[in-house]
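The values are calculated or read from the model by the stated rules, or taken from the named source; none is laboratory data. The structure presented is a predicted model; accordingly, all values stated were derived computationally and were not measured. Please note: Cβ atoms are built from the backbone with ideal geometry, for glycine as well, and neighbour counts cover all protein chains shown.
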Amino acid sequence: MSERLLEVDGVSKQYRLGMIGGGTLHGDLTSWFARIRGKEDPNTKIGMEHYGPNETFWALRDVSFTVDRGDALAITGRNGAGKSTILKLISRITAPTEGEIRIRGKVASLLEIGTGFHKELSGRDNIYLNGAILGMNRAETNSKIKQIIEFSEIEQFIDTPVKRYSSGMYVKLAFAVAAHLDPEVMICDEVLAVGDLTFQQKCLQKMSDIAREGRAVLYVSHNMRTVSQLCNRGLYLEKGRLAYDGTVEHAIELYGGSGERSVQQDLSDAPRPRNRGITMRMLDLHFMNTQTLEYSMDSSMEFRLKCVAHIDEPHLRIRLILKSSISTPVAMTQTEPFEVKADETFERAIRLPLDGLAPGEYVMKLSLNSATPRGGSNYYDTIQEVSRFIIVDDPAVNAGFLWSERVWGNFRLKPLEFID
């Protein structure tokens, strides 16, 4: 049985809204005097909403989950869902209003750029400072400082005051310290987005190694590609409540709005990029050979698209782009060109073969366009997310094993052949 490193038990966090202190005694007195007279606060910035002294906000409500050794846990959710709040509670930056958090072992947190750094100290001095904050003595930090400096890739500037570092250098040093001081639980909140792509991959590999070594990682990011790459389990928070605890694939689908699937869709008022849908517009989409938008492997999708044109176009195409559940483009296809006349309402029935697509959830993007003389495209209408559909795994088709889209990708290549 796995050893439990973290227990979050019925945790809630309440904040009081409004301003606590105006910065000066004069400012506080003028604000107080305006309130008791029922006047507008003269110190409130233009456009800022004023909250009364007793108004509160629940950032988290009754959240419970556990983390075991070896877990790489993604915490997903839209802005304001409570992701950063739960990480701050686990890091003991603030205390829960209700509930209890039990931690076994050291926690290393990387929540903001330069957290715990003293700007006047050099990078080397800040390594020792952070080590002390995390409970390491000088001898333990000495044994790891060479690895930390090498990993951070800033050896040339390690004795320079960190106030002169760029944001990327801050992140590199902060992550290197947090990752090498042997935390039982490592927490990372979005900050890797500042580093360059090569360093991001290096950090993700390091966090993956930490989980494999029997420790635990808690990771928050809006980059679902890195979430999918790193994590083996996912939470989904919605308006401060835990809505899902399970596979990282389904947590990503919930974050992306999975479940919005209908065989008949009115597209006339669907969101569009600016200046699209004016000269031509997609009106209606009907899927003909399904009731659930779930397809078996190597089957075909059939749908009928209804549109209206307000201009003549002799070479119109219907373009379809498939994206994965984390919005990564997978493939593109389009119809042969056909002619439409001004003020014509037209329909086209279309078949999309699904041969070779891996099991999983996909997003459809549709466009009406025509080719330009220089090989580009004129886009008349575009809908970024028309519909979602699922291809159901079938080991009988799939060489006898279950497919993991996260590991093996979106396309199933043909079996390798022996050459005589």
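General observations
- For the stretch 321-345, filtering for residues that are farther than 22 Å from Val227 by Cα and part of a loop (DSSP other than H, G, I, E, B) leaves 6.
- One residue from Ala331, Ala358, Ala349, Ala396 being among the small types (Gly, Ala, Ser) and modelled with pLDDT under 85: Ala396
- When Arg225, Arg317, Arg274 are checked against the criterion of being surrounded by 15 or more Cβ atoms within 10 Å (Cβ to Cβ) and of a type outside the set (A, V, I, L, M), a single residue qualifies: Arg317.
- Residues (surrounded by fewer than 14 Cβ atoms within 10 Å (Cβ to Cβ) and closer than 22 Å to Ala270 by Cα) located in the stretch 284-303: Met288, Gln291, Thr292
- Scan of the stretch 346-389 for residues that are without any contact (Cβ under 8 Å) to a residue 60 or more places away in the chain, of a type in the set (A, V, I, L, M) and part of a strand (DSSP E or B), ordered by number: Ile350, Leu352, Met364, Ala371
- Only one of Val171, Val185, Val191 that is modelled with pLDDT of 85 or more and of a type outside the set (Asp, Glu): Val185
- Filtered residue count, the stretch 47-67, keeping only those that are at pLDDT 90 or above, surrounded by fewer than 16 Cβ atoms within 10 Å (Cβ to Cβ) and on the phi < 0 side of the Ramachandran plot: 2
- Selection within the stretch 285-314 - under 30 Å from the mean Cα position of the chain (by Cα) and within 30 Å of Ala342 (Cβ to Cβ): Leu285, Phe287
Conditions tested, residue by residue: (1) modelled with pLDDT under 90; (2) in the same structural domain as Thr335 (by TED's automatic domain parsing); (3) not hydroxyl-bearing (Ser, Thr, Tyr).
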position	(1), (2), (3)
Lys239	yes, no, yes
Ala243	no, no, yes
Val248	yes, no, yes
Arg272	no, yes, yes
Met280	no, yes, yes
Ser296	no, yes, no
Val308	no, yes, yes
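- Qualifying residue in the stretch 178-192 (condition: surrounded by fewer than 22 Cβ atoms within 10 Å (Cβ to Cβ) and small (Gly, Ala, Ser)): no
- Any hit, the stretch 52-66, residues being of a type in the set (D, E, K, R) and in the same structural domain as Gly214 (by TED's automatic domain parsing): no
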